1. Determine the principal axes of the Cα atoms in segment 354-443, then give the extent along each, sorted from largest to smallest and rounded to whole angstroms.
2. Working from Cα positions, state the angle (0 to 90°, nearest 10) between the long axis of helix 151-164 and the longest principal axis of the chain.
3. If the reach is capped at under 16 angstrom between alpha carbons, list the lysines near LYS391, excluding any in the same chain fewer than eight residues apart.
4. Treating the angle as unsigned and between 0 and 90°, give the value, to the nearest 10°, between the Cα long axis of helix 308-318 and the longest Cα principal axis of the chain.
5. Once you have the Cα-Cα distance between ILE424 and THR357, take 0.36 nm times their residue separation minus that, and quote the gain in nm to one decimal.
6. Compute the length gained on full extension between LYS203 and ARG402: take 0.36 nm times their separation in residues and subtract their Cα-Cα distance, giving the result in nm to one decimal.
7. On C-alpha positions alone, give me the angle between the axis of helix 375-386 and the longest principal axis of the chain, in degrees, nearest 10.
8. List, in order, the whole-Hz ³J(HN,Hα) value for each residue of segment 240-250 obtained from phi through the Karplus relation with A = 6.51, B = -1.76, C = 1.60 and θ = phi - 60°; use x for Gly and Pro.
Amino acid sequence: MCGIVGIIAKDQVNQQIYDSLLLLQHRGQDSTGIATMDGSVFHLHKSNGQVREAYRTRDMRSLKGNIGLGHVRYATRGAAHREEEAQPFYVNAPYGIILVHNGNLTNTRELEKELFNVDRRHTNSSSDTEMLLNVLATELQSQIYSKELDPEYIFRAISSVHKRVRGSYAAIALIAGHGVIAFRDPFGIRPLVLGKREVLPNKIEWMVASESLVLENNDYEIVRDVEPGEAIFISIEGQYYSKQCAEKPQLFPCSFEYVYLARPDSVMNGISVYEARLRMGDYLAETIKKYISMGDIDVVMPIPDSSRPAAMQVARQLGIEYREGFFKNRYIGRTFIMPGQSKRKKSVRQKLNAMGTEFKGKNVLIVDDSVVRGTTSKEIVQMARLAGANKVTFTSAAPPVRYPHVYGINMPSRKELIAHNKTIPEIAETLLIDNMVYQEVDDLKSSIINQTNISDLDLCCFTGEYVTGSVSQEYLDWVEKEYLS
């Protein structure tokens, strides 16, 4: 999971990109980077840590140009705290290309051999983004037949990228002296939204970003989502070109974007994240009715913030009082993206505080967006009991996470997933709770794609079915071994 943004504007874009990355900070806190283009000259700054920590005044002044891109990183591949792994990545030929990427490639072993033995290209990091950049550069170089860079050359190169690369990728690239490319994998797993604004008659500025809220906050009109397999090229003069570059594109948006990753005020693939989370609460309430006696619940409480819409709907549908019992320290990062179990456990108490007057003597139903490793959930249950709760029922707006996620979310090891090879009663026993209720898979699917023309989702971490069709058990074993080594 990462956040990306690209802009081609009339004036300097450094501040716009910085502001956009602040809005995308929830998508990654490990590192950040900004690249700008002034004519054919690139300016680049990247650093570990969050956006507010990474850029000083002198850094911003050096980022000159009216075209640029930015990235916030949550490490799912490569070392989390090595600055060399931070994006953007740069390659000097052809022309000079800088690229940012959100997603995970699943055929990196094959690509590494091809790049070295066939393409004669060297990568200097363990990042799959650098591999994607070098594949793009190789294919673009093979398509160039003249000094002029025709958009058709770019689209043919992206078509070849789609044939060579497997996995999930939403990417934005700068080509020195020519313009911006944005493209999305043929399954549309990771989001990418296009926007524009007219600043002068016949002068349009363009923005592409991971989430729609970035466009809206910068006063861009949302044009549409970049389609699965599509590539968009915007020239340095602002001319817009697009083409479908995949042979058989299909839309399978990542369900976890709507459960947890995206901000609630975003719309992606035509789906409001907030409304999807409300519907998750409606469906979850119906499941709760099947398994829990209403006499065993006095209050419904969310784990702030992403579960709040679902919890409000659960309380409404059950006719039970909604209360806020957990209070959040907003200066602590999201625990889901903390690397390592010990850091997650420590951060829960720093992040949340349980108010005793809301818990004492009550039967509490807690709603969380999901339960992944269970470390956070177990700490929260203990906090509720210490605050005086009589009974604790724990519910998840998402189904049990039983399988690794390989498309850009840090869930590579089955051993870390609390629901892997466990029944729901066994999970409840592990978490030391009285009752446990999960969302049904079909209900989650209905919550997200309600009244849209989307037929299916990427639900791999819930079902073990991988939409790209290229994820074998041998690959999952290799990923787990690499992660745990």
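Every read-out reported here was derived from the displayed coordinates using simple, explicitly stated rules and does not represent laboratory data. Source: prediction; values computed, not measured. In this analysis, Cβ positions are derived from the backbone assuming ideal geometry, glycine residues included, and neighbour counts consider all displayed protein chains.
1. 42, 23, 21
2. Between the helix axis and the principal axis of the chain, the angle is about 50 degrees.
3. LYS360, LYS362, LYS378
4. The angle comes out near 40 degrees.
5. Working: separation 67, 0.36 × 67 = 24.12 nm, distance 3.00 nm.
Gain on stretching ILE424 to THR357: 21.1 nm.
6. 66.6 nm
7. 30 degrees
8. 9, 9, 8, 7, 6, 10, 9, 6, 9, x, 9
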